[in-house]
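The structure appears below as structure tokens.
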Amino acid sequence: MPPAAATNLAHKPPDGGWGWAVVVAAFISIGFSYAFPKSLTIYFKEIQEYFSVSYSEIAWLSSVMLASMYAGGPVSSILVNRYGSRPVVMLGGLMVSAAMVLSSFGTTIIHLYLCVGVIGGFGLAFNLQPALTIIGTYFQAKRPLANGLAMTGSPVFLSILAPLNQFLFDSYGWRGSFLILGSVVFNCCVAGALMRPVSNQKPKGCLPPSNEAVDQGAVADAGPQTADSDPEEGQHEGKGQTQNSKLVDLTLFKHRGFLIYLVGNVVMFFGFFAPVVFLAPYAKHQGIDEYSAAFLLTIFALVDMFIRPFTGFLGNTRRIRPKIQYFFSFAVSYNGICHLLFPLASGYQGLVVYAVFFGVGFGMVSALLFEVLMDLVGAPRFSSAVGLVTIIECGPVLLGPPISGALVDTFGEYKYLYSTCGVLMLTPGIFFFVMHYFNYKKLEDEQKQKAAGEMRRPEETVELKSNNEANK
Amino acid sequence: MENMPASWKLLLMLLLVLTASCGRVHAETLAPSPKPLASVPALSADMRKVAVLKSQNSTQNVQLLNPVNLSLECSLTADHNNLPNISAFWSQDGREIPDSRLTVALENQQYHLQRLFYISGEEMLGSYSCVFENGVRADFILATPPFGEVRDKPVVSYVRDFVVLPCKMEEAKPKPLSWRWFRGNKTHKEQISEQPERFQIHSEERKSKLKVINLTHEDAGVYYCGAVYAIGTTMNPIELKVITYQEPLKPFIGILIEVVLLVAVIFLCEKRRSKKNTSKGNEENVDQNNIKLQEEEKGAEEGSSMRQRKV
């Protein structure tokens, strides 16, 4: 049985049609948001030489960008709540683009921090949140699949951006590359253009005519609400969707499911990214050459790429969808077990096996990460929820890799790092299992009470009617 | 001494003769028995490199930092022929060293060839080989410490901008005495001297950086960073490419135009559809309003379902 916080939307999600174009748009936005900061590391060595700074100073660029991206979450939520996804994404695309172009003329490292780091980070935040939010408005029945497909953008874009950046760097040096990247990232505006607000949607024109009949039926159903196909009316509907939240919905902190998600995720994120970051260095430490170590990451990315849509598909099946929180708990625990067993791996074959299993785990968690949040709080409050979650997750995400690095430096051994990450993933996994068991129980009780309550009201009106008729 | 009796003098003289003869015996046992080879004894060599050969050729890299007396030795294991003597010679950079051809005798199943070289300067570095009669040879490549990472792609920078060309000698290799930078091609290299407006050289123990300021197209080409050792200099080539801002501008504008076009197409498509729909929608509205009136007349069920939707 789906939890009570389902679609409290004023319209029926199309679950198809233009929704798939929106999935493509979200694919692009999410792809840029996650992959772009990671792919910039190729330029770091040259920029470090150019500005004569130390390695840690250049690594700060990544951290500033990531911090801005997470800190921009709430701002993004507010804007999406007021204006809808489309303008925010287009603004975000414009911001990152301008940031990259400006930074290509930069004269100091501070210039880069401000442009690429702060403005670029905020621009990417304005891409990520709306992309996730709009999927919730377009999909209900097929939402896990849509989420899984959209999240696949991250590994796909990373696989494209990494060689592209290498090619640009070899041809144009870092300045020219930043200029061209500014135009590449401008494609986020195309993604934004595709993110049509959902109540605008009428099924003709650019779609093939066969969809008409089906969607006409859907429109007729929602007839009384969206009688006028006037675009302005549609925008009002868009605003009206989140009528209970003006700025950021802080009542979410009283929401049981949201709190479970938040607490578990904060612990989980300390150990989520570090194993990826240290996979290649660990391999080199074991004596494996650089190319084979890089190949491990390629295997990991490939597995990740295919697992995400597959996880979305699985999450959509009739068996799993109602209890999707358990699926997420399983995914998190699986990651934990993977890391705990990793020190047993020996030789290059062991590392390859680990890369495959870890790829599966990482992909599963990523695909479900936002789907379960949507499932818990519902589509209207999702925008605020994700804003709050990202700003609170900012801490663990930023602190995770440096703390892990410190662990490696202190002990000189990588296995303590992986054991710690394993524990940091397994504990939230078990926490999720236990807490969601209770949460589902409570939700079922609440559903029963609500259903009982509604049963009584029609009976009362029937009584009233019969009384009226009797009185007549 | 004059007061000593004659017997004491005799005893003293005997003692002296005895010690002298003992010393001579010691000296004789300490002196090395000369080896049955025609070259200089190996005692005066500072460094010794040995190649053990059987049937295949071997190559050895010898890293040199300072001028050195280097003894190169080749030991060829005898095959089934067991010839008592074979001839061999030494060659330098492919050319036979004059007067180096020898006949080597078989000793303990091995033919042992040795030669002492005095490597004084960079011109003495190169490839030295011992070649045996049956064609088996050992190559010794004498060189200064090589650079680890050699960059194969050029460094790209822009006109009127500056560029920093880095050079590094790894921890594992010996420290160079100093660093020098050169420009040119393989045959003719010109050293770059520090000119405050054009070139700045910043060198540390293991790193050196050349900063070329205010670039022009003429500055493009190959630069060599030289790690200087007492015996010679190791060169690391770095290619510099200088381009103008117009080069990346072309793809930049191309992609910008693509984005603007796509966005325009998407918005136009949408506008056209919504126009179609408003004209069709007006007809539908009339129909739907009729349906609405009919439905409202149905009563309570409709009301409860409307309430559900509004939640």
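The values are calculated or read from the model by the stated rules, or taken from the named source; none is laboratory data. Being a predicted model, the structure only gives us computed values, none of them experimental. Virtual Cβ from ideal backbone geometry, glycine too; neighbours counted across all protein chains shown.
Of note:
- Counted as qualifying within region A:134-243 are the helices (runs of 4 or more DSSP H) with 1 or more residues that are at pLDDT below 50 and not hydrophobic (A, V, I, L, M, F, W, C), namely A:210-221, A:231-241.
- Test: residue in region A:48-63 that is hydrophobic (A, V, I, L, M, F, W, C) and under 15 Å from A:V185 (Cα atoms): no
- Test: residue in region B:264-283 that is modelled with pLDDT under 90 and outside any helix (DSSP H, G or I): no
- Qualifying positions in region A:302-344 - surrounded by 22 or more Cβ atoms within 10 Å (Cβ to Cβ) and among the small types (G, A, S): A:G312, A:G315, A:S329, A:A331, A:G336
- Residue in region A:336-346 that is touching a residue at least 12 places away in the same chain (Cβ under 8 Å) and in contact with a Cys (Cβ under 6 Å, 6 or more places away or on another chain) present: yes
- Within the set A:L424, A:L398, the sole residue that is assigned to a helix (DSSP H, G or I) and modelled with pLDDT of 90 or more turns out to be A:L424.
- Within region B:189-251, strands (runs of 3 or more DSSP E) holding 1 or more residues that are within 14 Å of chain A (Cβ to nearest Cβ) and polar (S, T, N, Q): B:199-203, B:207-212
- Answer residue from region B:163-188, given it is more than 18 Å from the chain's Cα centre (by Cα) and part of a strand (DSSP E or B) and is nearest to the other protein chains (Cβ to nearest Cβ) among those: B:V164
- Residue within region A:39-61 that is within 14 Å of another protein chain (Cβ to nearest Cβ) and closer than 22 Å to B:L256 by Cβ present: yes
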